[in-house]
Structures are given as C-alpha cells and as structure tokens.
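A short worksheet on the structure shown next.
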Amino acid sequence: MPIIGVLGKIGSGKGTFSEYLRDKYGYKVIVMGDIVREIAAKLGLEPNRENLQRIQKEFTSRYGQDYFAKEVVRRIKEGGWENVVIDGMRRPLDVEVPKKEFGDKLIVVLIEADPKTRFERMRKRKRVGDPQTLEEFLAQEKREMELFNLEKAFSYAQYKIENNGTLEEFYKRIDEFMRKIS
C-alpha cells in the first residue's frame with residue numbers, strides 16, 4: 001500500500017479522511033500539526049494557531065525549511081511503517097521531502113470543500129484560538145495561503161476529493177479513491 005499525503009484547507013476534512021483510512025484500511029496516521037503541538041506542549045505554550053505558526057516559523061528558521069517534513073520521514077522510517085497517512089501537509093517542502101524519500105510510493109490527495117462548510121466544521125471542533133466569524137476565518141485562510149505557499153503545495157496533488165456533502169458521501173469518495181490507487 002502507498003504512503004498517502006493529505007492536503008487541504010482548514011476544515012476540508014483531512015482529519016476525517018485520515019481517521020477513515022486508519023479505521024477501515026489499517027493505516028497509521030501522522031498529523032504534521034501534532035508535531036508542532038508536541039513542541040508547544042514542551043514549551044508550555046497554548047496550542048493556538050498563532051503560537052503554532054510562531055513555533056513552525058522559529059523551527060524552520062533555526063533547523064531548515066524542511067525540518068517538519070524530515071521529522072515525518074524520520075518517524076515513518078524509524079517506525080517501519082508502510083501504510084501511512086501524512087495528514088496536514090501544508091508547505092511545498094511537506095510534499096517534496098517525502099516524495100524525494102519515498103518516490104512513487106507517495107500519493108498526494110487534496111481534500112476540497114467550500115469556505116462556509118469548512119468554517120462550520122472548524123467551529124464544531126472548537127480548537128483553541130480558532131476564528132469566531134466567517135470573516136476572521138477567511139482572513140486567517142488568506143494569511144495561511146501566503147505564509148505556507150499552499151497554492152504550490154496543492155499543485156502537487158495527484159487526486160482531489162470533494163467533501164461538501166454528508167459523511168457517508170465523503171466515505172464513498174474515499175473508498176473510490178482507495179480502489180483507484182490499489
């Protein structure tokens with residue numbers, strides 16, 4: 001089975017996609033944002049988006065722009081994992097580094113959903129520091145598009161899965177995707 005990299009904007013369904021592959025197909029899930037959250041916890045910082053972005057910026061400045069991507073590759077190799085989902089790839093290097101390491105074994109998928117749907121999902125999960133209005137959400141998204149060069153990262157996607165409907169519809173699309181790559 002391939003290593004699957006997941007891209008998508010906030011609230012698109014990356015986590016749901018990854019959990020479904022874990023639960024139905026037995027994949028191990030590595031969430032890139034969790035690596036940054038681990039660092040925040042060690043530093044005693046609240047894991048809000050502002051702190052997480054600051055940590056990410058500091059670590060990439062100090063240890064190289066590919067620090068987090070290399071950490072993901074290290075964890076996959078040390079764990080000896082073959083069926084892995086890399087959840088939350090954001091920057092181009094998050095795709096480029098694993099692609100260089102794993103080659104054609106890495107398949108990249110983009111999860112897409114409209115902004116209002118994503119905003120409502122984000123509100124339901126109630127993470128610390130999440131925007132409270134659609135306007136704040138869209139402004140944050142615009143900053144992240146520029147900060148992480150998401151447009152370029154998204155261009156690496158080999159597959160796209162739309163997630164504007166029900167959970168059952170999304171699961172059906174995921175199953176179709178899995179049949180395609182098998």
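The values are calculated or read from the model by the stated rules, or taken from the named source; none is laboratory data. It should be emphasised that the depicted structure is a prediction, and the values quoted were computed from it without experimental measurement. For neighbour counting, all protein chains shown are included, and Cβ atoms are generated from backbone atoms with ideal geometry for every residue, glycine included.
Among residues of segment 46-61 that are within 21 Å of residue 126 (Cα to Cα) and among the aliphatic types (A, V, I, L, M), none has a Cβ under 8 angstrom from a residue that is modelled with pLDDT under 90 and not in a helix (DSSP H, G or I) at a sequence gap of 6+ or on a separate chain. Here is a check on your reading of the model: is residue 33 surrounded by 14 or more Cβ atoms within 10 Å (Cβ to Cβ), touching a Gly at 6+ places or on another chain (Cβ under 6 Å) and assigned to a helix (DSSP H, G or I)? Here the answer is yes, as residue 33 does meet what is asked.
When 60, 16 are checked against the criterion of being within 22 Å of residue 144 (Cβ to Cβ), modelled with pLDDT under 95 and not in a loop (DSSP other than H, G, I, E, B), 60 stands alone in meeting it. Residue count for segment 71-87 under the criterion of being surrounded by fewer than 23 Cβ atoms within 10 Å (Cβ to Cβ) and not aromatic (Phe, Trp, Tyr): the result is 11. Go over the candidates 137, 154, 148, 177 one by one and state the one that is out of contact with any strand residue (DSSP E or B) (no Cβ under 8 Å at 6 or more places or on another chain), buried (at least 17 other Cβ atoms within 10 Å of the Cβ), modelled with pLDDT of 90 or more and not hydroxyl-bearing (Ser, Thr, Tyr). Only one candidate qualifies: 137. Figure legend. Inter-residue proximity from segment 1-12: first residues within 15 Å of residue 115 (Cα to Cα) and in contact (Cβ under 8 Å) with a residue 40 or more places away in the chain, second residues β-branched (Val, Ile, Thr) and assigned to a strand (DSSP E or B), beta-carbon distance below 6 Å, spacing 6+ or different chains. Indicated pairs: 8/111; 12/111.
Among the listed residues 68, 102, 17, which satisfies the condition of being farther than 25 Å from residue 125 by Cβ and among the aromatic types (Phe, Trp, Tyr)? Walk me through it before giving the result.
Details: 68 fails: farther than 25 Å from residue 125 by Cβ; 17 fails: farther than 25 Å from residue 125 by Cβ.
Residue meeting the stated conditions: 102.
Please count how many residues of segment 88-107 are of a type in the set (Lys, Arg) and loosely packed, with under 15 Cβ neighbours inside 10 Å. The number of residues fulfilling the criteria is 2.
Might you let me know whether segment 48-57 holds any residue that is acidic (Asp, Glu), modelled with pLDDT under 95 and part of a helix (DSSP H, G or I)?
Within segment 48-57, the first condition is being acidic (Asp, Glu), and the residues that meet it are 50.
Next, from what is left, pick out any that are modelled with pLDDT under 95: 50.
From what's left, part of a helix (DSSP H, G or I): 50.
Scanning segment 48-57, I find at least one residue that is acidic (Asp, Glu), modelled with pLDDT under 95 and part of a helix (DSSP H, G or I), so the answer is yes.
Given the criteria under 22 Å from residue 108 (Cα atoms), modelled with pLDDT of 90 or more and aliphatic (A, V, I, L, M), does residue 167 qualify? Quick ask: steps written out before the conclusion?
Numbers: under 22 Å from residue 108 (Cα atoms): yes; modelled with pLDDT of 90 or more: yes; aliphatic (A, V, I, L, M): yes.
Here the answer is yes, as residue 167 does meet what is asked.
How about segment 132-164: which of its residues are among the polar types (S, T, N, Q) and under 16 Å from residue 110 (Cα atoms)? Result: 149, 155, 158, 163, 164.
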